[in-house]
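Step one of this worksheet: look at the structure below.
The values are calculated or read from the model by the stated rules, or taken from the named source; none is laboratory data. Everything quoted here is computed from the prediction, not taken from an experiment. Glycine gets a Cβ as well: all are built from the backbone with ideal geometry, and neighbour counts include every protein chain shown.
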Amino acid sequence: METQIATTDSEINTNETVRQAVALLQAGDLVALPTETVYGLAADALDPAAVEKIFAAKERPHFDPLIVHVHHKDALYEVAEVPEEIRKTVVKLTETFWPGPLTLVLPRRATIPDLVTGGLDTVAVRQTDHPVFHRILRNFGGPVAAPSANMFGQLSPTSAQAVVDQLDGRIPLIVDGGACGRGLESTIVKIFPGEKKPIIEVLRPGPITEIDLKKFGKVVFAKRNEVVEDSAPEAPGMLQSHYAPHKPLRLLERPEDFSPEEGKRYALLSYRGQQKDGYLDLHEWDEIAILSPGSGRVAEAGIRLFHVIRQLDFSDVDEIISEPFPDRGVGKAILDKLRKASS
């Protein structure tokens, strides 16, 4: 199969690209699309045969559920049931964060195929904030299933070229919408009624943080060790091993945990590139990549994370060593990705 890359660098090109992408989706085929988080691999969510092509192209296990994307807030009710006891919270969350990088796990409607949900009775739903994805979805007229456009378990793509590097020859079309503005997958939450306030369980940390969510309920985090490789996760990105580059990646908790092996070439993935953190002078690194130079802003680090790891993965090193990150805000999402990448 030849993979085409469609551009969106002008209104004329964008119009043609939207037409081409919609035609493929309507024909039951796959299209890689840009979102504000990472590139997604889209297919008609209501067509099991089309969804099966996602699993085949990514070599993704069928027990791992997919996210369903809708083109407007009201379309949520076409793919999911919203129980009355959490309806008010769901409405507040969608009004505040949609379109945007928040995914809600809710009881599924019968129209959603088992293949999309991994056989679960819930479905993960979100509305992306990317204008090109939005136009394609609006013209398509229905929901699409769209996990990250990469081989299963590998680095999520934040550019069209990163999709090409993994899926060239496996899918018919990649829509180039530029670099992703957020760089980390959406936050995934599940909502429960509580005694005094709703409980918002974060299944996958992302750009929407605990600070953002606590205005709407009590925020708790799913335990990492509850999800194992041979069990069906409640949502995408919850397996213990995920987001991995080809080169081994190791997350250090403390500088003294590093003992280099003679003859090995090491790269350092640094948070802010400051000597006082204790990692820059730890070794004569063959490569150093800094996610948020000087300032140490976790939001900037999150945006650059997958892109920078990908650059180190293509470098001439044997192993990538990562500094730790603050376990707060977007830092929780970064740590989640690094821990899974190093598993």
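Which of the numbered conditions does Ser148 fail, given that it passes all the others? Conditions: (1) without any contact (Cβ under 8 Å) to a residue 40 or more places away in the chain; (2) under 23 Å from Lys340 (Cβ atoms).
Single failed check for Ser148: (1).
Looking only at residues that are modelled with pLDDT of 95 or more and assigned to a loop (DSSP other than H, G, I, E, B) in region 206-243, which one is surrounded by the fewest Cβ atoms within 10 Å (Cβ to Cβ)?
Checked region 206-243; the qualifying residue surrounded by the fewest Cβ atoms within 10 Å (Cβ to Cβ) is Lys215.
Scan region 101-115 residue by residue and report those that are in contact with a strand residue (DSSP E or B) (Cβ under 8 Å, 6 or more places away or on another chain) and either aromatic (Phe, Trp, Tyr) or part of a loop (DSSP other than H, G, I, E, B) (or both).
Result: Pro101, Arg109, Ile112.
Which condition does Arg87 not pass, out of (1) farther than 24 Å from Phe192 by Cβ; (2) surrounded by fewer than 21 Cβ atoms within 10 Å (Cβ to Cβ); (3) among the basic types (Lys, Arg), if it passes all the others?
Of everything listed in (1) farther than 24 Å from Phe192 by Cβ; (2) surrounded by fewer than 21 Cβ atoms within 10 Å (Cβ to Cβ); (3) among the basic types (Lys, Arg), Arg87 misses just condition (1).
Checking Val123 against (1) surrounded by fewer than 20 Cβ atoms within 10 Å (Cβ to Cβ); (2) without any contact (Cβ under 8 Å) to a residue 60 or more places away in the chain; (3) touching a Ser or Thr at 6+ places or on another chain (Cβ under 6 Å), which test does it fail?
If we test Val123 against (1) surrounded by fewer than 20 Cβ atoms within 10 Å (Cβ to Cβ); (2) without any contact (Cβ under 8 Å) to a residue 60 or more places away in the chain; (3) touching a Ser or Thr at 6+ places or on another chain (Cβ under 6 Å), just (1) comes out false.
Consider region 300-328. How many of its residues are buried (at least 19 other Cβ atoms within 10 Å of the Cβ) and either small (Gly, Ala, Ser) or in a loop (DSSP other than H, G, I, E, B) (or both)?
The total comes to 6.
How do the pairs read when you match residues in region 106-119 that are assigned by TED's automatic domain parsing to the domain that holds Phe63 and over 22 Å from Thr94 (Cα atoms) with residues anywhere that are surrounded by 12 or more Cβ atoms within 10 Å (Cβ to Cβ) and of a type in the set (Gly, Ala, Ser), using Cβ under 9 Å and keeping only pairs 6 or more apart or on different chains?
Pro113/Ala45; Pro113/Ala145; Leu115/Ala145; Gly118/Ala232; Gly119/Ala232
Can you give me the number of residues within region 167-204 that are under 17 Å from Thr37 (Cβ atoms) and surrounded by fewer than 20 Cβ atoms within 10 Å (Cβ to Cβ)?
Qualifying residue count, region 167-204: 3.
Hey, can you tell me all the residues within region 116-139 that are under 19 Å from the mean Cα position of the chain (by Cα) and part of a helix (DSSP H, G or I)?
Hits for region 116-139 are Val116, Thr117, Pro131, Val132, Phe133, His134, Leu137.
Mind checking which residues of region 151-171 are within 22 Å of Gln26 (Cα to Cα), of a type outside the set (D, E, K, R) and part of a loop (DSSP other than H, G, I, E, B)?
Gly169, Ile171
Collect the residues in region 279-325 that are β-branched (Val, Ile, Thr) and either touching a Cys at 6+ places or on another chain (Cβ under 9 Å) or touching a residue at least 60 places away in the same chain (Cβ under 8 Å) (or both), keeping them in residue-number order.
Within region 279-325, Ile303, Ile309, Val317, Ile320, Ile321 qualify.
If I go through region 84-110 residue by residue, how many of them are of a type outside the set (Phe, Trp, Tyr) and farther than 15 Å from Ile67 by Cα?
14
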